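*Asks:* The structure under discussion is supplied below as structure tokens; questions concerning it will follow.
The values are calculated or read from the model by the stated rules, or taken from the named source; none is laboratory data. Keep in mind that what you see is a predicted model, and the values were worked out from it rather than measured. Every residue, glycine as well, gets a Cβ built from its backbone with ideal geometry; the counts of neighbours run over all protein chains shown.
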Amino acid sequence: MTTPLRVVDVSGTPEQMGEAYGAAATDLIQANVATYLARFSRSAGLDRQTVLTRGAAFRDTTRALAPRLARMLDATAGAAGLAPELIYAVNARSELLYGDPSCGAPGGAGAELGECTSIGVLDSRTADGHTVLAQNWDWHPDHRDGNLLLVTRDERGHVVAALTEAGMLAKAGLNGAGLGVCVNLLGCDRDGRPGGLPYHVLLRSVLEADSLSWATRNAVRAPRSASINLLIGQAHPSGGEIIDLELAPGEAGWLHPVDGLLTHANHFETPLPVYDTVKDWGGSSLFRSARARRQLAAAGDRLRPEDILGVLRDHHSYPVSLCRHVDPRDEEADRSETIWTVFLDLDARSMQLIPGPPCIGREGMRFTIQ
């Protein structure tokens, strides 16, 4: 990260928030769209007109299934001076990059899926009695400077704070109800089906919920064109709760904490009747989740934030490790590294965002919902 993370804090109706978002981050949004147009062409063979056509289809789906979020995205595009179809295409970047069977393996995953290791720890296992989520977000280094912290305060009093790519509505984040989410890319043979809600709109719909129950409803009920893993938690005075949802087009599986711990990487762990495309590629996902859980369990009965972040700095199998670094043996288009580490304290409604591989030792920035 060569520049400080921009914070975009907006309020009002969906239209007002979208207009303010687009105006405050026009430069970042335009640059991020340009970066993805180049990547769609290079990695998936999609020209601009095809991207516009695909974006229009995702816009129709979003308008039908998530109208408030569609109104926000439309206003964002207008304020940023971009065709709305391009904004929807960027919010569906996972579908466009990995969801087309012509891109290679079943599900279109043309390389090892290199996006994230997630951790959840219940309050019964933390030193301060708080429920926490954390993750490494592994993605192409070209996208390092296209990120921001989006804070929205809507007219109903609902507050969301999410790390996101400019023009998108969410990545990892939390809300004023003490609910948070981390995300992992998955791939299966059902990916590419038409009619799904864009990957990052579905992710944002989780943060629109004021309870864990509604978060799971929003995620499971939405039609999907791409597989996605959501690690969701919510704090509560009587004890927090965490659940992991593995979502494929037309299927859903779930995992619960064991001894207060829950971890996930980039492959399916529930017995869903789908073909997991990780089987075509292998790679670090096959051990990252298990290794993270083992290290958490060995760190003690009451884990401190430093214990959890220490696991995310692990270098076993470097450079393709929990703390991921660029592997020069990968094709340039397939390179990945940890561009952000996210730590969410759901009881405190706070987040710590650490740029770059966490082993570098940067403090990052902290934000608390007020």
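For every residue, the table says whether it meets (1) within 23 Å of Thr126 (Cβ to Cβ); (2) in contact with a Gly (Cβ under 9 Å, 6 or more places away or on another chain).
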residue: Gly233; (1), (2): yes, yes
residue: Pro237; (1), (2): yes, no
residue: Glu251; (1), (2): no, no
residue: Asp259; (1), (2): yes, no
residue: Leu272; (1), (2): no, yes
residue: Gly282; (1), (2): no, no
residue: Phe287; (1), (2): no, no
residue: Ala298; (1), (2): yes, no
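*Asks:* Failed condition for Thr216, given (1) buried (at least 21 other Cβ atoms within 10 Å of the Cβ); (2) β-branched (Val, Ile, Thr); (3) not in a strand (DSSP E or B), with all others met?
*Replies:* (1)
*Asks:* Condition first: more than 26 Å from Gly260 (Cβ to Cβ) and touching a residue at least 40 places away in the same chain (Cβ under 8 Å). Now tell me which residues in the range 283-319 satisfy that. If you could, list the steps in order and put the result at the bottom.
*Replies:* If we filter the range 283-319 for residues that are more than 26 Å from Gly260 (Cβ to Cβ), which is where we start, we get 283, 317-319.
Gly283, the sole residue that qualifies.
*Asks:* Another question about this same structure. Of all the residues that make up the range 119-159, how many are at pLDDT 95 or above, under 20 Å from Ala265 (Cβ atoms) and part of a loop (DSSP other than H, G, I, E, B)?
*Replies:* 1
*Asks:* Within the range 288-309, is there a residue that is of a type outside the set (Asp, Glu) and touching a Pro at 6+ places or on another chain (Cβ under 9 Å)? Show your work before the answer.
*Replies:* Keep residues of the range 288-309 that are of a type outside the set (Asp, Glu), which gives 288-300, 302-305, 308-309.
Adding the requirement that they be touching a Pro at 6+ places or on another chain (Cβ under 9 Å) leaves 309.
Within the range 288-309, one or more residues are of a type outside the set (Asp, Glu) and touching a Pro at 6+ places or on another chain (Cβ under 9 Å).
*Asks:* Kindly indicate which of Thr53, Thr61 is among the hydroxyl-bearing types (Ser, Thr, Tyr) and either assigned by TED's automatic domain parsing to the domain that holds Glu332 or buried (at least 21 other Cβ atoms within 10 Å of the Cβ) (or both). It would help to see each step written out before you state the result.
*Replies:* Details: Thr53 fails: either assigned by TED's automatic domain parsing to the domain that holds Glu332 or buried (at least 21 other Cβ atoms within 10 Å of the Cβ) (or both).
Of Thr53, Thr61, the one residue that is among the hydroxyl-bearing types (Ser, Thr, Tyr) and either assigned by TED's automatic domain parsing to the domain that holds Glu332 or buried (at least 21 other Cβ atoms within 10 Å of the Cβ) (or both) is Thr61.
*Asks:* Moving on. Just to check your reading of the model, which residue among Asp191, Asp259, Asp280, Asp244 is at positive phi, of a type in the set (D, E, K, R) and touching a residue at least 12 places away in the same chain (Cβ under 8 Å)? Explain how you work it out, then say what you get.
*Replies:* Details: Asp191 fails: at positive phi; Asp280 fails: at positive phi; Asp244 fails: at positive phi.
From the options Asp191, Asp259, Asp280, Asp244, the qualifying one is Asp259.
*Asks:* For Tyr88, state whether it is buried (at least 22 other Cβ atoms within 10 Å of the Cβ), at pLDDT 95 or above, hydroxyl-bearing (Ser, Thr, Tyr) and more than 18 Å from Ala24 (Cα to Cα).
*Replies:* Numbers: buried (at least 22 other Cβ atoms within 10 Å of the Cβ): yes; at pLDDT 95 or above: yes; hydroxyl-bearing (Ser, Thr, Tyr): yes; more than 18 Å from Ala24 (Cα to Cα): yes.
For Tyr88, the condition - buried (at least 22 other Cβ atoms within 10 Å of the Cβ), at pLDDT 95 or above, hydroxyl-bearing (Ser, Thr, Tyr) and more than 18 Å from Ala24 (Cα to Cα) - is met.
*Asks:* In contact (Cβ under 8 Å) with a residue 40 or more places away in the chain and either over 27 Å from Arg93 (Cα atoms) or surrounded by 21 or more Cβ atoms within 10 Å (Cβ to Cβ) (or both), is that true of His267? Working first, answer last.
*Replies:* Working: in contact (Cβ under 8 Å) with a residue 40 or more places away in the chain: yes; either over 27 Å from Arg93 (Cα atoms) or surrounded by 21 or more Cβ atoms within 10 Å (Cβ to Cβ) (or both): yes.
Yes, satisfied.
*Asks:* Have a look at Ser321, Ser317 and point out the one that is in the same structural domain as Gly283 (by TED's automatic domain parsing), surrounded by fewer than 19 Cβ atoms within 10 Å (Cβ to Cβ), of a type in the set (S, T, N, Q) and in a loop (DSSP other than H, G, I, E, B). Spell out how you get there, then give the answer.
*Replies:* Values: Ser321 fails: surrounded by fewer than 19 Cβ atoms within 10 Å (Cβ to Cβ).
Every option except Ser317 fails the conditions.
*Asks:* Checking Ala162 against (1) surrounded by 24 or more Cβ atoms within 10 Å (Cβ to Cβ); (2) under 23 Å from Ser285 (Cβ atoms), only one condition comes out false. Which one?
*Replies:* (2)
*Asks:* When residues of the range 297-335 are filtered for being modelled with pLDDT of 95 or more and basic (Lys, Arg), how many remain?
*Replies:* Number of matching residues: 4.
*Asks:* Now for a different question. For Leu255, all conditions in the list (1) within 27 Å of Asp191 (Cβ to Cβ); (2) buried (at least 21 other Cβ atoms within 10 Å of the Cβ) hold save one; what is the number of the exception?
*Replies:* Leu255 satisfies all of (1) within 27 Å of Asp191 (Cβ to Cβ); (2) buried (at least 21 other Cβ atoms within 10 Å of the Cβ) except (2).
*Asks:* How many of the residues making up the range 79-97 are out of contact with any Ser or Thr (no Cβ under 9 Å at 6 or more places or on another chain) and not in a helix (DSSP H, G or I)?
*Replies:* 1
*Asks:* So is Ala162 within 25 Å of Ala89 (Cβ to Cβ), outside any loop (DSSP other than H, G, I, E, B) and of a type in the set (Gly, Ala, Ser) or not? Steps first, please.
*Replies:* On the way: within 25 Å of Ala89 (Cβ to Cβ): yes; outside any loop (DSSP other than H, G, I, E, B): yes; of a type in the set (Gly, Ala, Ser): yes.
The answer is yes for Ala162.
*Asks:* Which residue is farthest from Leu197 (Cα to Cα), if the candidates are limited to the range 221-239 and must be polar (S, T, N, Q) and not in a loop (DSSP other than H, G, I, E, B)? First the steps, then the outcome.
*Replies:* Quick first cut of the range 221-239, residues polar (S, T, N, Q) only: 225, 227, 229, 234, 238.
Those left that are additionally not in a loop (DSSP other than H, G, I, E, B): 229, 234.
On the way: Asn229: 15, Gln234: 24 Å.
The residue in question is Gln234.
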